[in-house]
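Rule-based calculations on the coordinates, nothing more; no lab input. Just so it is clear, the model here is predicted, and its values are computed rather than measured. For neighbour counting, all protein chains shown are included, and Cβ atoms are generated from backbone atoms with ideal geometry for every residue, glycine included.
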Amino acid sequence: MIDKGDLFQIKKDIATCVGERVQLKANKGRKKTFIREGILENTYPSIFVVKFENEYEATRRVSYSYTDILTKAVELVVCSNNKKIQVS
């Protein structure tokens, strides 16, 4: 069962990092993981959005829910001043 207090804390932690560079590690199933660096663009009541840019100068925005972090399907590491702060 998901504890609402934990979810609220995750939302609060992520909201303080809007505009920061983050490293995101997502589990895509079948032992595949997706690791990319991007910018935490915005937070909403149920989701947060990360903006990725690739070598072709194409911008991609991906949204994840806060429960993805709670269930460990997504790991978010904030890269500020070369320090890595894990949000979980």
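For this structure, a couple of remarks:
- Count, lysine Cα pairs under 16 Å in segment 4-87, 8 or more residues apart or across chains: 9
- Translational diffusion of segment 4-87, µm² s⁻¹ [Kirkwood Rh, Cα pairs; Stokes-Einstein; 10 °C; 1.306 mPa s]: 121 µm²/s
- Residues whose amide H falls under 5 Å from that of residue 42, counting only those 5 or more places apart or on a different chain, are 49, with hydrogens built in the peptide plane.
- Computed packing ranks the peptides 69-78, 18-27 as 69-78, 18-27, most packed first, by mean other Cβ atoms within 10 Å.
- In the chain, the longest principal axis of the Cα atoms and the axis of helix 4-15 are about 30 degrees apart.
- The average projected area of segment 36-76, computed from the convex hull of its Cα atoms over all directions, is 2.9 nm².
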